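The structure appears below as structure tokens.
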Amino acid sequence: MKNYLFLNNEYFDLTIYQYGCEKCQPFHTFGPGMRSHYLIHCVLSGKGTCRASFGGRDFSWQLHEGQAFLIEPGKLVHYFADGQDPWEYMWIEFDGMKAKEYLSQAGLSQASPIYHPVSSQGREECFGYLRQMLDNPDLLPCQVIGLAYLFFGALIQSSRDGRKPVKNNIQDFYIQSTVDFVENHYMEEISVEDMAANLNLNRTYFSKLFKKLTTKSPQEFLIQYRMNKACQLLRSTDLPVSQIAQMTGYHNPFHFTRAFKSVFRIPPQQWRKSQKKEGAHQPSHKA
């Protein structure tokens, strides 16, 4: 078994949490239970079963070599290896502002969670990018993210149910413009109203649209962005917490500490000490 945690949280479109592979024992099982993020399992050999319940109905899928299956966050699932020919699979756990869009383009959803490749060549290209991540544990974070993008691109192209992305989508423009706005103004006292006004949109409409397209509210995204910037400063500098608060848009250090604890469960000073103690001053991933 290989399992790598990806500890870099500075990528928003596609956020990787972990990836790995395992040769399962007969009847090796997960659940019934829920996951916190999206997962895709790519079956390398053997067989297994995935079960899920939604819409008041129970569903079951039998999987074999060359297929993959999606697990959505917060959905009750149960999957297990075959008793005679247990599967070996690779997996990747992810989220991010583009995650739902990429999955939709690949034709994957809660109701249709199985990846059917149109060709063995397309499947091998798709699975190959994930293998590269697993076979090279010393990759830089940007290299891991690059391979993850290639994996999803190949997943979309090789999926029997895949569809081409719509170009010049006005909704994509809204999202990218919001990301740019936050990137340029996160150190100021901006609000959701300011984000909506930047697009000349009604606040309520903007909030609903943003949540629909990214699964996060604008406020959640703003906090996440600021906290990621704060983490960079806590890791790489010895600036006092009060100054870091100012630099990330919190002119009241108490409000900054409260927001930080809501995300990381500990105060920023304690988080900084734990990072230095663990030697995690540089973004990394480890087994």
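Under 37 °C and 0.692 mPa s, how fast does the chain diffuse according to Stokes-Einstein, given a Kirkwood radius computed over C-alpha pairs? Answer in µm²/s, whole number.
Values: Rh = 20.7 Å.
The diffusion coefficient I find is 159 µm²/s.
Are there any helices in the chain, counted as whole DSSP H runs, that stretch 15 Å or more along their axis by Cα and score at least -1.0 on average by Kyte-Doolittle, and if so which?
Details: long enough: 120-135 (21 Å, -0.91); 141-158 (25 Å, 1.38); 170-185 (22 Å, -0.25); 203-214 (16 Å, -0.54); 218-236 (27 Å, -0.48); 253-264 (16 Å, 0.21).
Correct list, ordered by number: 120-135, 141-158, 170-185, 203-214, 218-236, 253-264.
What dipole magnitude, in Debye to the nearest 20, does the chain give about its Cα centre under +1 on Lys/Arg Cβ and -1 on Asp/Glu Cβ? Let's see the in-between values first.
Working: 31 positive and 27 negative charges, 120 e Å.
Rounded to the nearest 20 debye, it is 580 debye.
Scattering from the C-alpha atoms of the stretch 174-266 alone, worked out with Debye: what is log10 I(q)/I(0) at q = 0.15, 0.17, 0.21, 0.25 1/Å?
For the stretch 174-266, the Cα-only Debye profile gives -0.58, -0.73, -1.01, -1.26.
Using the Karplus curve 6.51 cos²θ - 1.76 cosθ + 1.60 with θ = phi - 60°, what ³J(HN,Hα) values do you get for each residue of the stretch 68-73, in whole Hz, with x for Gly and Pro?
9, 9, 9, 10, 8, x
Any aspartates and glutamates with Cα under 13 Å of the residue 276 Cα? List them, leaving off those in the same chain fewer than 8 positions away.
In chain and number order, the partners are 238.
Projected onto the charge dipole of the stretch 130-258 (+1 at Lys/Arg Cβ, -1 at Asp/Glu Cβ, origin at the Cα centre), which of 215, 246, 201 gives the Cα projection farthest towards the positive end?
Farthest along the dipole direction, towards plus: 215.
Please give the length that would be gained between residue 157 and residue 3 if that part of the chain were fully extended, namely 0.36 nm times their separation in residues minus their C-alpha to C-alpha distance (nm, one decimal). Walk me through the intermediate numbers first.
Working: separation 154, 0.36 × 154 = 55.44 nm, distance 2.67 nm.
That pair, residue 157 and residue 3, stretches by 52.8 nm at full extension.
Using a 1.4 Å probe on the protein chains only, how many percent of the accessible area of the chain belongs to carbon and sulfur? Provide the component values of the computation, followed by the final result.
Values: 7330 of 14620 Å².
Accessible surface attributable to carbon and sulfur in the chain totals 50 percent.
Between residue 112 and residue 170, what FRET efficiency follows from the Cβ-Cβ distance if R0 is 30 Å, with the result rounded to 0.05?
Numbers: r = 27 Å, r/R0 = 0.88.
For residue 112 and residue 170, the calculated efficiency is 0.70.
Straight-line reach from residue 23: which aspartates and glutamates have a Cα under 17 Å away, not including same-chain ones fewer than 8 places off?
Within the straight-line cut-off, residue 23 pairs with 65, 82, 85, 88, 135.
Considering only DSSP states other than H, G, I, E and B, which trypsin sites (Lys or Arg not before Pro) in the stretch 150-206 qualify as loop sites with at most 13 other Cβ atoms within 10 Å?
Working: sites: 160, 163, 167, 203; in loops: 160, 163, 167.
Within the stretch 150-206, the qualifying trypsin sites (Lys or Arg not before Pro) (loop, at most 13 other Cβ atoms within 10 Å) are 160, 163, 167.
Specify which residue in the list 228, 92, 144 is farthest towards the positive end of the charge dipole of the chain, using unit charges on the beta carbon of Lys, Arg (+1) and Asp, Glu (-1), about the Cα centre.
228
Over the stretch 183-257, what relative contact order in percent results from Cα pairs under 8 Å that are six or more residues apart?
Numbers: 56 pairs, mean separation 25.1, N = 75.
Averaging sequence separation for qualifying contacts and normalising by length gives 34 percent for the stretch 183-257.
The values are calculated or read from the model by the stated rules, or taken from the named source; none is laboratory data. Predicted, not measured: the structure shown is a model, and the values here were computed from it. Note that each Cβ is placed from the backbone with ideal geometry, even for glycine, and that neighbours are counted across all protein chains shown. The area values use the complete protein model at the heavy-atom level, side chains included, leaving out ligands, DNA and RNA. Shrake-Rupley method; radii C 1.70, N 1.55, O 1.52, S 1.80 Å.
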